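Note sheet for the following structure.
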Amino acid sequence: MSLIKYDVIYILDPNSTVEEQTVVSTKVEQIVAESKGTILKKEDWGKRRLAYLVQNHRDGHYVFFHVQVSAEAIAELNRNLRLLEKVIKFMIVKDTISHLKPRPKPIRKAPEEGQAVRPHAPMRHSGPSAPYVPPHSTSSSTSAPVAPAVAPAPAPVAPAAPAAPEAPTAPAGE
C-alpha cells in the first residue's frame with residue numbers, strides 16, 4: 001500500500017452555511033485519516049464565479065486539499081464526494097509535478113588560453129536602423145520595403161508675364 005500525492009478540489013453550493021462546509025471538509029479529513037494518509041495542505045479559496053452554470057449555480061465555494069493517500073482511499077473519497085448533496089462539482093488529480101526535481105544547469109568552464117573559442121551565431125539583422133527582412137521571405141527581391149506612395153504637392157505657379165507687343169510688319173504688297 002503505497003501513498004501517492006493527490007490534489008482534491010471541490011466546489012460547494014454557494015448558499016451552503018459554514019456548518020455545512022465544515023461537515024464536507026471534516027468528511028474528507030476523516031477519510032484521509034482512516035486510510036493512514038496525510039493532509040499536506042488545505043486551502044479555503046472562498047466564493048468565486050464559475051465559468052459556466054453548474055447545477056443552475058453561477059457561483060461556488062471552492063476548497064482545495066493536497067493529500068498523500070492510497071488509491072483505495074481515493075476511491076472512497078470519490079464515492080463520498082459524489083454522494084454529498086452540497087458538493088456541486090469536484091476533481092481529484094494525481095500530483096505528478098511535486099515529486100520532480102529541477103535539473104541543475106551545467107556549469108560552463110572558461111576557455112583556457114590558446115584554446116579556440118566558438119563564435120556566436122550570426123545575427124539576422126544588424127540593428128534597429130536596418131530594415132527587418134523575414135528569414136523565409138517568399139518574394140525574390142531583397143530590397144528594403146518601400147514607403148507608401150504619397151502624391152507630391154503641386155509646384156506653385158508663377159503669374160504669366162505680359163507678352164511683348166509685336167513689331168508692326170510691313171505689308172507684303174507695297
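For segment 4-94, just say rounded, prolate or oblate: build the C-alpha gyration tensor, square-root its eigenvalues into a ≥ b ≥ c, call rounded for a/c under 1.5, and beyond that prolate if a/b exceeds b/c, oblate if not. In terms of gyration-tensor shape, prolate. Taking 21 Å as the straight-line reach from the Cα of residue 42, the lysines in range (excluding those fewer than 8 positions away in the same chain) are 5, 27, 86, 89, 94.
Only the coordinates and a few stated rules stand behind these numbers; no lab work does. Keep in mind that this is a model prediction, so the values were computed, not measured.
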